[in-house]
Amino acid sequence: MTVYEARPFLGGRATSYPLNDEVTIDNCQHILLRCCTNLIDFYRRLGVADRIHFYQEFYWIEPGGRMSVMKRGMLPAPLHFSGSFAALRFLSLADKMSIAGGLLAVKYEYGKRADLDKISMADWLREKNQTPRAIERFWRQVLVSAVSEELDRMAAAHGLQVFYLGFLANSRAYEMGVPTVPLADLYSSEAWSRYEYVKIEPRQTVQQIQIEGGQVSSVSTNGEPIKADTYILAVPFERVKALAPELPLDLSSFTHSPITGIHLWFDRPVTSLPHATLLDRTIQWMYNKQDGKHVQLVVSASRSLIEMPRGEVIEMALRELNEFFPAVAQARLERAHVVKEVRAVFSAAPGLEEQRPLQTTEISNLFLAGDWTRTGWPATMEGAVRSGYLAAEAVVKRFGSKQSFLVETAPLGSRLS
Ligand SMILES: Cc1cc2nc3c(=O)[nH]c(=O)nc-3n(C[C@H](O)[C@H](O)[C@H](O)COP(=O)(O)OP(=O)(O)OC[C@H]3O[C@@H](n4cnc5c(N)ncnc54)[C@H](O)[C@@H]3O)c2cc1C
């Protein structure tokens, strides 16, 4: 099997690059939850699973610095958060009652209600009479980062999925995995070298897919035709039409949602927390990248920042960070870097799921992979791995073998060791 990759390195959007000789930064902080069972399986196959650190605490901070911690307690799922949830300081009793009712509805409706892909998460929350603060500080705070989209642009199916699989399914599913190495080290050619039959060809852009007699006859990279039995096209959705115009795919419903990452380097530590979610402001998450001196801030669905000049983005980030971490006021900013990913992810909009193509195509020796193909997941590394596993299942099926690669999340209430 040969992989032709346009860039000099692997990882696609989930990669890192050197800013200068001293610093390597991730394209943007990438995190996973323990319910991302296929991604974790993929890391295990690549021998890099031990490079992910799982955190059991979520830190929620209000402007002014008041902090609440969410973590599992002694009770089994789905009651494992009961103790810490009751103690959250940024929600009133009425907010908590409304959220508890909402989570109960997630438990009963996820996977059962037929219209969840058609309505938005905002519609669903209104239907469940959620209080404005519960929506803003709880549902929105979790979901905009998890699905990379605003509540009124996000299919309710994905909102419920995050809470069902991540918060209710089992008591460890919510744990947040953060790579301890730059992303490029997770998806490196070295990691793949244990699979002798996989050949990686970097700097090889596929320019065209030749289709003759209803079959792919070859693909060309740098003008050279390459022949194979089977081809898997694993490029982002916006590249597909240019490479294979004959493919009868209607991708007109796909649009992008942007993500912005802001790196700040200070002359002294500004926090000792490993990460935190920041309430009521533009910045949604803070990740401590090094000793509290280098922090990365993330804004998902960051449409309001796309036109904003980088200097203003940095000023806004400093101003907001100061409201959560008072040490920022004394610290000197030594360096800042803003990464605006305008085409970060596909927008997981209501009605999109049925427009997402399967991994099989009308051409029997051409398969599709990529987070945007039909996986049931929003644009995530888990979705990307699922698409790859589904494509692999379809390929072996074509040759008469029935093999399953997908790892399903443990069902509701199950106990994980
Ligand atoms: C800023 C940002 C933050 C994110 N945060 C998270 C997160 O915290 N957690 C999470 O799970 N996900 C996150 N994601 C989403 C995640 O990065 C993607 O869902 C995932 O990487 C998609 O993988 P993919 O293989 O489908 O596509 P890609 O990663 O885009 O890979 C496609 C590959 O195809 C190559 N290619 C394109 N055209 C050609 C060609 N003609 N010939 C050869 N090669 C070609 C590209 O170079 C690329 O390597 C984030 C994404 C962004 C942009």
Checklist line | Out of A228, A184, A191, sole residue that is in a loop (DSSP other than H, G, I, E, B), among the aliphatic types (A, V, I, L, M) and touching a residue at least 12 places away in the same chain (Cβ under 8 Å) | finding: A228
Next item on the list: Just name the residue that is farthest from the ligand (Cβ to nearest atom) out of those in region 212-226 that are within 19 Å of F367 (Cβ to Cβ) and open to solvent by 50 Å² or more (accessible area, probe 1.4 Å).
Entry: G213
Next item on the list: Answer yes or no: is there a residue in region 356-373 that is open to solvent by less than 20 Å² (accessible area, probe 1.4 Å), modelled with pLDDT of 95 or more and touching a His at 6+ places or on another chain (Cβ under 6 Å).
Entry: no
Item checked: Per-region count, region 23-59, residues at pLDDT below 95, open to solvent by 50 Å² or more (accessible area, probe 1.4 Å) and closer than 23 Å to G383 by Cβ -> 0
Checklist line | Filter result for S347 (hydroxyl-bearing (S, T, Y), farther than 26 Å from E149 by Cβ, touching a helix residue (DSSP H, G or I) at 6+ places or on another chain (Cβ under 9 Å) and open to solvent by less than 70 Å² (accessible area, probe 1.4 Å)) | finding: no
Note to self: It is to be established whether one or more residues within region 196-208 are of a type outside the set (D, E), in a strand (DSSP E or B) and over 30 Å from R44 (Cβ atoms).
What the structure shows: yes
Note to self: Tally up the residues in region 351-402 that are more than 8 Å from the ligand (Cβ to nearest atom) and in a helix (DSSP H, G or I), please.
What the structure shows: 15
Notebook entry, point to check: Can you tell me which residues in region 304-339 are open to solvent by 40 Å² or more (accessible area, probe 1.4 Å) and assigned to a strand (DSSP E or B)?
Noted result: L333, E334, R335, H337
Margin query: Considering only region 148-171, I want to know if a residue exists there that is over 26 Å from D115 (Cα atoms), out of contact with any Pro (no Cβ under 6 Å at 6 or more places or on another chain) and either within 16 Å of the ligand (Cβ to nearest atom) or not basic (K, R) (or both).
Written below: yes
Next item on the list: Scan A276, A242 and give me the residue that is of a type outside the set (K, R), more than 19 Å from R13 (Cα to Cα) and touching a residue at least 24 places away in the same chain (Cβ under 8 Å).
Entry: A276
Notebook entry, point to check: What number of residues within region 1-22 satisfy the criterion of being buried (at least 17 other Cβ atoms within 10 Å of the Cβ) and away from the ligand (no atom under 14 Å from the Cβ)?
Noted result: 0
Notebook entry, point to check: helices (runs of 4 or more DSSP H) wholly in region 80-176 with at least 1 residues that are surrounded by fewer than 22 Cβ atoms within 10 Å (Cβ to Cβ) and within 24 Å of the chain's Cα centre (by Cα) - which ones?
Noted result: 93-109, 121-127, 140-147
Check: Which of the following residues is within 10 Å of the ligand (Cβ to nearest atom), buried (at least 18 other Cβ atoms within 10 Å of the Cβ) and either among the hydroxyl-bearing types (S, T, Y) or on the phi < 0 side of the Ramachandran plot (or both): I232, I209?
Finding: I209
Note to self: For region 1-72, give me every one of the strands (runs of 3 or more DSSP E) that falls completely inside it and has 1 or more residues that are in contact with a Pro (Cβ under 7 Å, 6 or more places away or on another chain).
What the structure shows: 16-18, 24-26, 52-55
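The values are calculated or read from the model by the stated rules, or taken from the named source; none is laboratory data. Just so it is clear, the structure is predicted and the values come from calculations on it, not from any experiment. Quick reminder, even Gly has a Cβ in these numbers, built from the backbone with ideal geometry, and neighbours come from all protein chains shown. Side chains included, ligands, DNA and RNA excluded: accessible areas come from the protein's heavy atoms. Shrake-Rupley method; radii C 1.70, N 1.55, O 1.52, S 1.80 Å.
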